[in-house]
Amino acid sequence: MGLRYRIGCTSHPFDDDTVEVSMTNLQDISQASTYMAVIDMIEALKAESVPYSGPTPTSSIDPVPTVIPGDIPVFQEIHKTGQRTLWVVTVLMALSSVIFYVLSARSPVPKRVFHTLVSLGTTISFLVYLSLATGEGIVWKHDLIRTKHDHHVPTITTDYFRQVFWLRYINWFLTGPLALINLTLLSGLPGAHLVVAVGADFVMLGSGLLGTYAGHTARRWVWFTISAIAYLTVVYQILVNGTKAAMRKDTQTKRFFGAISSVTVLVKILYPITLAAGALALRINVDSEVVLFAIYDLFLQGIIGYWLILAHDSSPGITLCVDGFWTNGIVNEGAIRVGEEDGA
């Protein structure tokens, strides 16, 4: 009788199939042992874990920066130093106006011309600086600046936003002619030269304002050149023609006019310098611009005003006395009457 063995395989690639081996002799037993060895080898291969080496991510591109150069706009605005300067000038202009009005009230009407013109200038400046100190009369201008590099670095574009105090130009358009009239009355400059000086002063200020809004292009320097030429025209009318007219005055008046006119044109040069370095080239901050223009206004309307009035009241040779309409208004003497019959 032959022997029959049942070999159960529960873990092999054939999913728990049953292998029956009929053995009638020793040869069958040897064959069954061979099958068992093969199954054991398969199980060993299945249990062995083969390490997997997947592809490693590599990149030759540098990391992208989180901040791209030039993508952050630059804001140039007033800070504490500039705000304090505006308030200081506001107070000084207010006090100066009161003092000038008091000095004007103490002088006879024919001798109030300088007092009136100077006090009007400081009053206008007081109103303008009060508006600027409270945040009025200020706008933003936008300049797009492109910085070029070599062929390996791209061009960087930066947006610049800067505050412009446009209301101060209203101040200068109104007070500039008043200061020039004072110098004209002091030196005896003819009216024709005064008109040229006032017109050149307007061109200087207007071209400077246009250059401020011309953008960061070459056009702004064209406007600046026109402004500088107009400034030189004002200097010529004051120093050259004004000095020639003052030669007909007494020695005291000539010396006084030479001194006050020289200081005036020296202070006025602050305008083109500050304009070029500030609003046009964006080299100085807004606080520095406010301080420089504050010095400009305090000298032209405050210090020179005090200087002129004190010299006028203390020196008989410099005293200006105006009669006629300034003192008496329009009178009927010498007037032409139309429509009246003789003897009526």
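The values are calculated or read from the model by the stated rules, or taken from the named source; none is laboratory data. What you are looking at is a predicted structure, and each value in this text was computed from that prediction instead of being measured. Ideal geometry is used to build each Cβ from the backbone, glycine not excepted, and the neighbour counts take in all protein chains shown. Protein only, heavy atoms only, side chains kept; ligands, DNA and RNA dropped before computing areas. Shrake-Rupley method; radii C 1.70, N 1.55, O 1.52, S 1.80 Å.
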Exercise. Looking at the stretch 261-282, is at least one residue outside any helix (DSSP H, G or I), at pLDDT below 95 and touching an Asp or Glu at 6+ places or on another chain (Cβ under 9 Å)?
Worked result: yes
Exercise. Which ones in the stretch 130-157 are in contact (Cβ under 8 Å) with a residue 60 or more places away in the chain and either part of a helix (DSSP H, G or I) or open to solvent by less than 20 Å² (accessible area, probe 1.4 Å) (or both)?
Worked result: Lys141, Asp143
For this session: Please state which one of Ser262, Ser288 is among the small types (Gly, Ala, Ser) and over 16 Å from the mean Cα position of the chain (by Cα).
Result: Ser262
Problem set entry | Looking only at the stretch 100-143, and only at residues there that are of a type in the set (A, V, I, L, M, F, W, C) and touching a Phe, Trp or Tyr at 6+ places or on another chain (Cβ under 8 Å), the one that is farthest from Asp313 (Cα to Cα) | Trp140
Exercise. Could you give every pair whose Cβ atoms fall below 7 Å, whose first residue belongs to the stretch 73-86 and is outside any loop (DSSP other than H, G, I, E, B), and whose second residue is surrounded by 13 or more Cβ atoms within 10 Å (Cβ to Cβ) and of a type in the set (Ser, Thr, Tyr), counting only separations of at least 6 or pairs across chains?
Worked result: Val74/Thr158; Val74/Tyr160; Gln76/Tyr160; Leu86/Tyr129
Problem set entry | Leading residue by the ranking (surrounded by the fewest Cβ atoms within 10 Å (Cβ to Cβ)) among those in the stretch 102-122 that are at pLDDT below 95, among the hydroxyl-bearing types (Ser, Thr, Tyr) and within 21 Å of Leu180 (Cα to Cα) | Thr116
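For (1) open to solvent by less than 30 Å² (accessible area, probe 1.4 Å); (2) under 23 Å from Phe100 (Cα atoms); (3) in contact (Cβ under 8 Å) with a residue 24 or more places away in the chain, each residue gets a yes or a no:
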{"residue": "Arg248", "(1), (2), (3)": "no, no, yes"}
{"residue": "Thr264", "(1), (2), (3)": "yes, yes, yes"}
{"residue": "Ala276", "(1), (2), (3)": "yes, no, yes"}
{"residue": "Asn285", "(1), (2), (3)": "no, no, yes"}
Seminar exercise, completed: Out of (1) part of a helix (DSSP H, G or I); (2) over 27 Å from the mean Cα position of the chain (by Cα); (3) closer than 20 Å to His193 by Cβ; (4) not aliphatic (A, V, I, L, M), the one Arg255 does not meet is (3)
Exercise. Residues Gly137, Gly176: which one is small (Gly, Ala, Ser), closer than 28 Å to Tyr213 by Cα and under 15 Å from the mean Cα position of the chain (by Cα)?
Worked result: Gly137
Seminar exercise, completed: Just one listed residue, out of Thr217, Thr225, Thr212, Thr233, is surrounded by 18 or more Cβ atoms within 10 Å (Cβ to Cβ) and not aromatic (Phe, Trp, Tyr), and it is Thr212
Problem set entry | the stretch 182-197 - residue that is in contact (Cβ under 8 Å) with a residue 12 or more places away in the chain and surrounded by fewer than 18 Cβ atoms within 10 Å (Cβ to Cβ) and, of those, nearest to Thr233 (Cα to Cα) | Val196
